[in-house]
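Here the structure is laid out as structure tokens; the discussion comes afterwards.
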Amino acid sequence: QVQLVESGGGLVQAGGSLRLSCAASGRTFSSLAVGWFRQAPGKEREFVAAVSWSGGTTRYSNSVKGRFTISRDNAKNTAYLQMNSLKPEDTAVYYCAADDSYFGSDDESYDYWGQGTQVTVSS
């Protein structure tokens, strides 16, 4: 069974940066594609970014493109989301997701999910 644990969330001022981590266990990490999603209060969960199994391909939502960078280190069984130029509208619970066969923006296609980490951006 795959387990995902997010960390790195917190409170930051607008314009600041945070780096989220997603540590995986229970499966060879390179066999999993990874996505980051977020959910703000009263809103639906939305796609943020995804990285392919080898890390060679990435995808981003338009709202974070150019500000966020997704990456992974398969030797450390960890994926990252570097978030720069944060805005108050980035405030949400951020979730890491993984799947053996799917890489993309559809949250329903990911089989494994972490518990989430809160990111709060103050204005």
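What is the percent carbon and sulfur in the accessible area of region 46-120, measuring with a 1.4 Å probe over the protein chains and ignoring ligands? Could you put the intermediate results ahead of the total?
Working: 1430 of 3430 Å².
Carbon and sulfur together cover 42 percent of it.
Which distance in Å, rounded to a whole number, links the C-alpha centroids of region 29-52 and region 96-123?
Using only Cα atoms to place each centre, the spacing works out to 3 Å.
To the nearest 20 debye, what charge dipole does the chain have about its Cα centre, counting +1 at the Cβ of each Lys and Arg and -1 at the Cβ of each Asp and Glu? Walk me through the intermediate numbers first.
Details: 11 positive and 12 negative charges, 90 e Å.
Using Cβ point charges on Lys, Arg, Asp and Glu, the chain gives about 440 debye.
Throw me the Rg/Rh for region 31-123, computed over C-alpha atoms with Kirkwood Rh, two decimals.
Numbers: Rg = 12.6 Å, Rh = 13.3 Å.
So for region 31-123, dividing Rg by the Kirkwood Rh gives 0.94.
Pull out the extension gain between residue 57 and residue 118, defined as 0.36 nm times the separation in residues minus the alpha carbon to alpha carbon distance; nm, one decimal. List each step's numbers first, then the result.
On the way: separation 61, 0.36 × 61 = 21.96 nm, distance 2.63 nm.
Taking 0.36 nm per residue and subtracting the Cα distance, the gain is 19.3 nm.
Give me the 1.4 Å probe accessible area per residue for the chain, excluding ligands and nucleic acids, in Å². Intermediate results must be reported in sequence, preceding the final value.
On the way: 5990 Å² over 123 residues.
Per residue, the chain has an accessible area of 49 Å².
Which of the aspartates and glutamates could a cross-linker bridge to residue 87, judged by Cα under 17 Å and excluding same-chain residues fewer than eight apart?
46
How do 90, 100, 107 stack up against each other in accessible area, from largest to smallest, with a 1.4 angstrom probe?
On the way: 90 0, 100 60, 107 35 Å².
My answer, sorted largest first, is 100, 107, 90.
Please identify which residues in region 1-18 have an amide N closer than 17 Å to a label point set 7 Å out from the Cα of residue 75, following the Cα→Cβ vector.
none
The values are calculated or read from the model by the stated rules, or taken from the named source; none is laboratory data. Note that the structure is a prediction, hence the values are computed from the model and not measured. Note that each Cβ is placed from the backbone with ideal geometry, even for glycine, and that neighbours are counted across all protein chains shown. Ligands, DNA and RNA are excluded from the accessible area calculation, which covers all protein heavy atoms including side chains. Shrake-Rupley method; radii C 1.70, N 1.55, O 1.52, S 1.80 Å.
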